[in-house]
1. Just the residues that are more than 7 Å from chain A (Cβ to nearest Cβ) and more than 21 Å from A:Gly372 (Cα to Cα), please, taken from the range C:162-186.
2. Go over the candidates A:Ala490, A:Ala470 one by one and state the one that is of a type in the set (Gly, Ala, Ser), more than 11 Å from every other protein chain (Cβ to nearest Cβ), over 24 Å from A:Thr249 (Cα atoms) and in contact (Cβ under 8 Å) with a residue 40 or more places away in the chain.
3. Go through the residues of the range A:169-192 one by one and say whether even a single one is within 23 Å of A:Ser106 (Cβ to Cβ), in a helix (DSSP H, G or I) and either in contact with a strand residue (DSSP E or B) (Cβ under 9 Å, 6 or more places away or on another chain) or of a type in the set (A, V, I, L, M, F, W, C) (or both).
4. For the range A:212-273, which fully contained helices (runs of 4 or more DSSP H) count at least 2 residues that are modelled with pLDDT of 90 or more and closer than 16 Å to A:Leu182 by Cα?
5. Which residues, counting only those in the range A:392-406, are part of a helix (DSSP H, G or I), under 23 Å from A:Ala312 (Cβ atoms) and at the interface with chain C (Cβ under 10 Å from one of its Cβ atoms)?
6. Report, by residue number, each residue of the range C:540-593 that is within 31 Å of the chain's Cα centre (by Cα) and farther than 19 Å from C:Thr306 by Cβ.
7. What pairs can you find where one residue is in the range C:169-193 and closer than 21 Å to A:Val430 by Cβ, the other is polar (S, T, N, Q) and surrounded by 22 or more Cβ atoms within 10 Å (Cβ to Cβ), and their Cβ atoms are less than 9 Å apart, with a gap of 6+ or different chains?
8. Scan the range C:386-411 residue by residue and report those that are surrounded by 21 or more Cβ atoms within 10 Å (Cβ to Cβ) and aliphatic (A, V, I, L, M).
Amino acid sequence: MSTANLSSIILTLVTFLPLAGGFLLMVFPRRDRDIRIFALVISLLTFVLSLHLPVYFHRGQSDFQYEIDRPWVSTPNIHYHMGVDGISLWLVALTTFLTPLCVLISWKSIHERVKEFFILLLILETALIGVFTSLDLFLFYFFWEATLIPMALLIGIFGHERKVYAAVKFFMYTMIGSVFMLAAILWLYAHTGSFDFVVIRDQIASGAVSGFPAAAQWLFLGFFLAFAVKVPLFPFHTWLPDAHVEAPTAGSVLLAGVLLKMGTYGLLRFNLGLFPEQSRHNAPWVMTLALIGIIYGALVAMVQPNMKKLIAYSSVSHLGFVVLGIFSFTQAGLNGAMFVMLAHGISTGGLFMLAGILHERRHTYEISEFGGLASPMPVYATTYLAVVLASAGLPLLNGFIGEFLVLSGAFQARPVFGILAATGVIWSAVYLLWMYQRVFYGKVTQAVNNSLSDLSGFEKWAVWPCAAAALAMGVAPILWLAAIDPAVQAALMPFLRVAGRVGGQ
Amino acid sequence: MVPLSYYLLLSGFLFGCGVAGFLIKRNIITIFMSIELMLNGVNLSFVAFAAHWHSLAGQVFVFFVMVVAAAESAVGLAIIIAVYRTRETLNVDQVNLLKL
Amino acid sequence: MNPMLNLWLIPILPLAGAAINGFFGKRSSRRAVTTIALLLSGAAFAMALWVTMRFSSLSVPYHENLAHWIRSGSFTVDFAFYLDQLSLVMLLVVSGVGFLIHIYSVGYMWDDPGYYRFFSYLNLFMFFMLTLVLADNYLVMFIGWEGVGLASYLLIGFWFTKDSAAAAGKKAFIVNRIGDFGFLIALFLLIKHFGSLNFDQVFQRVMPLGAEKAGAGLLTAIGILLMVGACGKSAQIPLYIWLPDAMEGPTPVSALIHAATMVTAGVYMVSRSHVIFERAPMALTVVAIIGTLTAFFAATIGVVQTDIKKVLAYSTVSQLGYMFMACGVGAFSAGIFHLMTHAFFKGLLFLAAGSVIHAVGGEQDMRKMGGLRTKIPWTFWTMTAGTLAIAGIPGLAGFFSKDEILWRAYQASWVYWLVGLTTAFVTSFYMFRLWFMTFFGEYRGEAQDHSAHDAHGGHGHGGIHESPRVMVIPLVILAVLSVVGGYVGVPGSLGGNNRFDRFLGPVFHGSAPADTQQAPMGERGATEQENEGPEPKSGVSTELIFTAISVAAALLGLGLAWHLYYRNPHLPEKIAASMSGTYQTLLHKYYVDELYGALFVRPLINGSTRILWQGVDRKIIDAAVNDAGDGARNVSDEVRHMQSGNIRSYAGWVAAGSAVVIAFMIWMWTGAR
């Protein structure tokens, strides 16, 4: 099969293979072991297929590749339009990378309704990939909302004590935000006659959309609200700690690893892509919110007694970096933001897996229940340290590259924001190392912890790829930046034009 | 000629009696009779207007209303009998199971 | 054209050692672990020597570009290495002293169950430190910078089941990060204004700029921020608090990381950035003031400490202060010279202290030592060499380096000189105090006294015994270096030609801004230094006078220590009792840790818990969300009463509704007319 042929259908394959797997699972008999193996095979197959995307990606090009554009519905004018560029390429790879790891980490921990669990997981994977690959706004919204249901079910059925509260909160919060985006999409359709992203973007840029100047700010805010809830941007973040704590491990990993990136991806693709002038206009308060998120998230994380909540708040902090980088409108800032997205997905995904491993043994996330674990579980402790250091931004690991670029970009745009955000390197060290010390160092404080077993085979295969990826991304970020940089440059073009216009006045 | 307004007043009065009875009375059968009263009041006003405008449309409409009234009485009385058989009462306040 | 030196091997060899020992060490024998660790760190040192031998044939600076690291638009950073005279000196010190300490650790850590882990971490440290000194740009240097912080964290907390050790490791990392914050801002300024982090490129672009007169400006900001980073890494005021706590780690760690190499990274970084600092006089002043203040401050604390390692820790902070004082007055090569001699004698002192501790079975309190000089003679004589060196007794290494700093400091301001001199006196005092308390008088401890030596290897609880050869040999080598190591820097006033300073000349030579006063070429003789600092004010005889004064101060310190700790050992208690306020303050390290705890740590934790988490997050934001949900439910609760099941109420609503509709229709109809 020639790669040219494959090129037009590869995105469809990658997006819908998990869904097909999910449907097949529905007719599977209830033999848990076979179900798990099948889910693993499907997710690994998706990952391998998705590797085709970066391998045959043309690094210098900044427009969409592997495009497929077929008319789907005639009225309203919806196309089946998919494509990836440097920005979405690695997000798709992140999704397909994390899903097999989620299957592995759930191998031993899910015992009831195994079939339903993996069906939901696979459907979720399809929806997630679809969000990143759709170039038609209707399709995008469809996939966007489609991620909510499997996630809510995963939390609500397979979660912990307050699972129903957390699931409902997650669902309602996100959906209400998304409704405003729907309104904006419909307005755009009414005034441009198309749902297609490229078409709308070009029409806005050339000023061909009637009534746009008056509505622009509202459209920006409509999209912004949906994404801000998802990111989560302060003060729309309170659904995240509850959702994370109550979710099963695989749910948390995908939630933190990928779902949150949907929000930041949306900000980058739609808010910046469609509304560059409004983005520039609104940047000050958005950057302020991001900055508050960075510091506030870190400080609140520091004092959490629950390990998963701590990691959840650390996500708020990290994604504050991403938003800061995006709205700095600098090459470094956007490159860094993209990199933090990927790095955070891997390292926080790893952290949640590690927390889940502990929960498997002791059924609690409370830090006070642990202490001195480095003695009974040395391999676990070392792996945990590696992932913690990646999250804290140690050079030669992935977190550093992203953080450095974001801060550099933010500093170039608004120095005060850059300086304040840079204090984040102190806070992240504080909350992570303090947590690490309380959990692993010192004498074993609870006698029951003495008999805890170290990492099992499945757990190793789930977590070690994350650590390895963190190292690889830290040592050779060029491999990722090569595709991201041109796309970011293209995304920043309207901002140079806007600046030119403003400056020339 | 009898002025139109007399007819309309009478019609309105009949209709008003019907509404009052419908809202106030507790016996289902009485409520039904009030409904009939309302319908007849409307019939009267239709006929009056038909005569006033010299149009047959109003009179035709009266036939429609009568037919509907008859059908509705038949079905309604059947329902009343069914309700009476199960709930043993004709007091409409006691037929309130469909509440939140 | 330069031949390919393969400099990258120098850091990578220890990294390989760290990886091999890290992954396979647990299942390997001690011999195997030792072989890997010593072989690979020794190979790094051997390569350093080989590079040294080839050095004169190189065109310096030598660049080695390995691979691209980051590329974002026009901003690129490569994995690249850099060799000039300065990095050669640092390379030799780090790899040489590092290798010696590796050898020593074989003996010291032999009985520890975490033996393989120790050497894995130690090799990892070597990798990062060598990356730091060989880096070609600030970001690769930052890899090393943060990496040695990581190694330090792992090694301080090596005995992690001990809460105090784990806490000390965490404290070190976090305080270092505070310094790194400053460092990062400096890097961002460099990127924003000079477009690169590469040393050559940055310094080329900075060179044409003139000195910032007004005391404020871009280069001043960069300089001060770089100094903030150095304060963290090199334990200067106000970020020195982690170093004394770091003594929780095994003594070889204290010797290598917290004396000889890692803490000197700040001095190296400031010296490397001298082009920037020379154009920012205000920043240089800040550096000098911090260095001078720290030197004195830490020395005073060292006077009353009873833990032998803590004395040496505060001594390290103090000596680092000297190095920064030197840099601050523009005498960068003097600072590096002292860095080198300090690595020798402080490394020696720590290792010897480790030998002492090892001999008395783990006791670190000097009050429980005494009279050890006959029992552990090798340790005694090597430690004596180290003590003489640090005190600045003529003829040994410390004398030359410290003296040069004091002389150059005087030429900047007599205040620096006076404080430095006083500190020299205090240094001599507390070092000889240590010497007397440990080795002289009666033995006051609990370990049993065996006059016979134990054989190397089987010395678990055998009583007071000399350390095995594998520990003594590095002591001897370092002692020799402490004695002769200074002779490369004999100043002209004493008849030498300061080869060290000349060697570093090309690095620091001619980089000062054009409008700074320079000594004309003709005036430079064998007696003057290169034009890297303020113009020397007077001639040879003045310098000799000052040298004599410093020697007098050192001897005074020795005399006082002899009086208080040899002659009249009961006197110190009485003095402490009579000056109890001062004594307590010094003993509690000026209560700085308590101050920081009250000013920063506790408010931060309490504030985050009560205000941010429970206040804002729970009571305001989340409450709003939950209230919205409750509100929706309450509205539904009210509205549901409409579905009462009561037919008459339905009927009423129908009637009312239709009345409204009809009224509306009538109103519309009449309005339209």
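The values are calculated or read from the model by the stated rules, or taken from the named source; none is laboratory data. All values reported here derive from a predicted model rather than from experimental measurement. Because the Cβ atoms are built from the backbone with ideal geometry, glycine has one as well, and the counts that use them run over all protein chains shown.
1. Once the filter is applied, which keeps residues that are more than 7 Å from chain A (Cβ to nearest Cβ) and more than 21 Å from A:Gly372 (Cα to Cα), the range C:162-186 yields C:Val175, C:Asn176, C:Gly179, C:Gly182, C:Phe183, C:Ala186.
2. A:Ala490
3. Looking for residues that are within 23 Å of A:Ser106 (Cβ to Cβ), in a helix (DSSP H, G or I) and either in contact with a strand residue (DSSP E or B) (Cβ under 9 Å, 6 or more places away or on another chain) or of a type in the set (A, V, I, L, M, F, W, C) (or both), one finds at least one in the range A:169-192, hence yes.
4. Counting at least 2 such residues, we get A:212-230, A:260-266.
5. Correct list: A:Ala392, A:Phe400, A:Glu403.
6. C:Phe546, C:Thr547, C:Ile549, C:Ser550, C:Val551, C:Ala552, C:Ala553, C:Ala554, C:Leu555, C:Leu556, C:Leu558, listed by residue number.
7. Listed pairs, sorted by first residue: C:Gly169/C:Ser152; C:Ala172/C:Ser152; C:Phe173/C:Ser152; C:Asn176/C:Ser152; C:Arg177/A:Ser428; C:Gly179/C:Ser234; C:Leu184/A:Ser408.
8. C:Leu388, C:Ala389, C:Ile390, C:Ala391, C:Leu396, C:Ala397, C:Ile405, C:Leu406, C:Ala409
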